[in-house]
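Novice: Once you've had a glance at the structure underneath, I'll fire off some questions.
The values are calculated or read from the model by the stated rules, or taken from the named source; none is laboratory data. Quick caveat, the model's predicted, so the values are computed rather than measured. Note: ideal-geometry Cβ built from the backbone for every residue, glycine included; neighbour counts use all protein chains shown. Heads up: the accessible areas ignore ligands, DNA and RNA and are worked out on the full protein's heavy atoms, side chains in. Shrake-Rupley method; radii C 1.70, N 1.55, O 1.52, S 1.80 Å.
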Amino acid sequence: MHPLLERQINRCLGGADGLPVGWADFFAAVGDAYARGDADRRMIERSLDEMSQELTERNRDLRGELEARRVTEKALLAEKAEQTALIRKLEEAHNQLLQSEKLASIGQLAAGVAHEINNPIGFVNSNLGTLAEYVESLLSVLTAYEIECPRCVSPEVQQRIDAVRAAAEIDYLRKDIGLLLAESREGLARVKRIVQDLKDFSRVDAGDWEWVDLHRGLDSTLNVVNNEIKYKADLVKEYGRLPQVECLASQLNQVFMNLVVNAAHAIADRGTITIRTGTQDEDWVWIEIADTGSGIAPENMKRIFDPFFTTKPVGQGTGLGLSLSYGIVRKHGGRLEVASEPGVGTTFKVILPVRGVREVSGNLPGATISSQASG
């Protein structure tokens, strides 16, 4: 008899001995039914256990596949990010190369024009010197005629000569012709100085590292971009004592030009651009270019050295000036610091080693950014 049925009979009837006649077969049949039910239940439980085990193993396999897929996707995303960064660097390098080639072409053109201008300047300057001697000789002859003519001609002739002399304003010409020649020679000297500044600025013949006077490079750059400055700002120079610096002079001139032109563009009406220089310890020099312009918005400070980032109107800036300047300063083993306060102005500080550093160490900071303008 099934144990469960036997417990029920014992509890309700006091045992199987007192069962009525005929009930034994009934209870036997019920016990068999209980036994078959237990057998079915055990079979179902075994099936469920087997299915549960299979599901567990399948879940484990799926988790493994999912994890492998996650690892693969992560690797693909990392590879994609690396490729994107590489493409961005290649584009940046390509555009910087194009800009450098363009600047080199402009430098060669400027040097060629300067060379061609030098020839006519030379003979015009020489001719002006000769002309000054001729004019002095003619004036001395005219003076002699003025002294001797009254004794050699009739009063009527002398009267006509005096009339011509008054119409020609000889006394005024005597005073003004010397001033005209002096101003012309001064103008030629200024043109010659501008031409020399163009040659110093481009320095297409100086592609190697050399020891140069940075003040001379600054002055030549300022003369080249004078037209960008004179209508916007007063220029203040506070030069300190600088040793000669080993560098690529033409590239540093490009940095100075970019920073000065940016300073002029940042001034809306009329302001001041101050250029300071000095030394830091014995092995470093610095050049600081400060303006009283509009300043840089805090949200733009971290992007100012990114290629093609610019806040200037369309057609006024390419967004490569500061990026190229940053690269040139890093190439020299230096760093570029910037401090700005909106509405007050911006200060860029170029810090360079006295002895050229051809390879930049990994721990050398390339740029320091501050939200406050330095004094």
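Rundown of residues vs (1) of a type in the set (A, V, I, L, M, F, W, C); (2) in a helix (DSSP H, G or I); (3) surrounded by 11 or more Cβ atoms within 10 Å (Cβ to Cβ), yes/no style:
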| residue | (1), (2), (3) |
| --- | --- |
| Val135 | yes, yes, yes |
| Leu139 | yes, yes, yes |
| Thr143 | no, yes, yes |
| Glu148 | no, yes, no |
| Gln158 | no, yes, yes |
| Ala166 | yes, yes, no |
| Arg174 | no, yes, yes |
| Ile177 | yes, yes, yes |
| Leu180 | yes, yes, yes |
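Novice: Where in segment 285-375 are there strands (runs of 3 or more DSSP E), lying fully within it, with 2 or more residues that are open to solvent by 70 Å² or more (accessible area, probe 1.4 Å) and modelled with pLDDT of 80 or more?
Specialist: none
Novice: Which condition from (1) closer than 30 Å to Glu210 by Cα; (2) assigned to a loop (DSSP other than H, G, I, E, B) is the one that Tyr231 breaks?
Specialist: Against the list (1) closer than 30 Å to Glu210 by Cα; (2) assigned to a loop (DSSP other than H, G, I, E, B), Tyr231 comes up short only on (1).
Novice: Is it the case that segment 262-270 has a residue that's assigned to a loop (DSSP other than H, G, I, E, B), over 20 Å from Tyr326 (Cβ atoms) and within 21 Å of the chain's Cα centre (by Cα)?
Specialist: So far as segment 262-270 goes, yes, one or more of its residues are assigned to a loop (DSSP other than H, G, I, E, B), over 20 Å from Tyr326 (Cβ atoms) and within 21 Å of the chain's Cα centre (by Cα).
Novice: Any residue in segment 163-188 that's free of Cβ contacts under 8 Å to residues at least 24 places away in the same chain and over 23 Å from Asn125 (Cβ atoms): show its pairings with residues that are assigned to a helix (DSSP H, G or I) and of a type in the set (Asp, Glu) at Cβ separation under 9 Å, as long as the two are six or more apart or on different chains.
Specialist: Arg165/Glu146; Arg165/Asp171; Glu169/Asp176
Novice: Moving on. Based on what the data block shows, is Glu65 in a helix (DSSP H, G or I), surrounded by fewer than 12 Cβ atoms within 10 Å (Cβ to Cβ) and modelled with pLDDT of 75 or more?
Specialist: Judged against the criteria, Glu65 is a match.
Novice: Moving on. Has segment 89-112 got any residue that is open to solvent by 80 Å² or more (accessible area, probe 1.4 Å) and at pLDDT 80 or above?
Specialist: Yes; the residues of segment 89-112 include at least one that is open to solvent by 80 Å² or more (accessible area, probe 1.4 Å) and at pLDDT 80 or above.
Novice: Follow-up question, since we're still on this one. With the requirement that a residue be open to solvent by 10 Å² or more (accessible area, probe 1.4 Å) and either closer than 14 Å to Ile351 by Cα or not β-branched (Val, Ile, Thr) (or both), what does segment 250-270 give you?
Specialist: Ser250, Gln251, Gln254, Met257, Asn258, Asn262, His265, Ala266, Ala268, Asp269, Arg270
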